[in-house]
Amino acid sequence: MSLIKAVFYSPLSAVAIVLFFTTIVFGPEIYALSMIALTVYLIALIGIMIIGIPTHLILNKLHIKNGIAYLLIGFLTPIIAT
């Protein structure tokens, strides 16, 4: 998969998780769910562009192909950012 496709498709996993739990808690209100989905997608997309792409390029340049490194950075970045 190309890097561009990965950047635009990966926030959809966050959207799916948030919408699943939001629907369970608040019920299926289409307008509210669409606004939540759009907001989560845009926040995740910005995060991927600011943190994910440079991380991928750095790890790729260092020839690190281990998924654990990506998971560790993805887990630690929000903790450090807050």
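The values are calculated or read from the model by the stated rules, or taken from the named source; none is laboratory data. In this text the structure is predicted, and so the values were computed from the model without any measurement. Using ideal geometry, Cβ is built from the backbone for each residue, glycine included, and neighbour counts are taken over all protein chains shown. Remember, those area values only see protein heavy atoms, side chains included, never the ligands or the DNA or RNA. Shrake-Rupley method; radii C 1.70, N 1.55, O 1.52, S 1.80 Å.
Using a 1.4 Å probe on the protein heavy atoms, what percent of the accessible area of the chain belongs to carbon and sulfur? Reported share for carbon and sulfur atoms: 80 percent. The mean sequence distance of close C-alpha pairs (under 8 Å, at least 6 residues apart), as a share of the length of the chain, puts its relative contact order at 30 percent. Note that the chain presents 77 Å² accessible area per residue, ligands and nucleic acids not counted, probe 1.4 Å.
Extension gain, residue 73 to residue 58: 0.36 nm times the residue separation minus the Cα-Cα distance gives 4.2 nm. For the chain, the longest principal axis of the alpha carbon atoms and the long axis of helix 67-81 meet at an angle near 60°.
DSSP loop trypsin sites (Lys or Arg not before Pro) in the stretch 1-74 with at most 12 other Cβ atoms within 10 Å of their Cβ, which ones? Here the trypsin sites (Lys or Arg not before Pro) that fit, given the DSSP loop and packing criteria, are 65.
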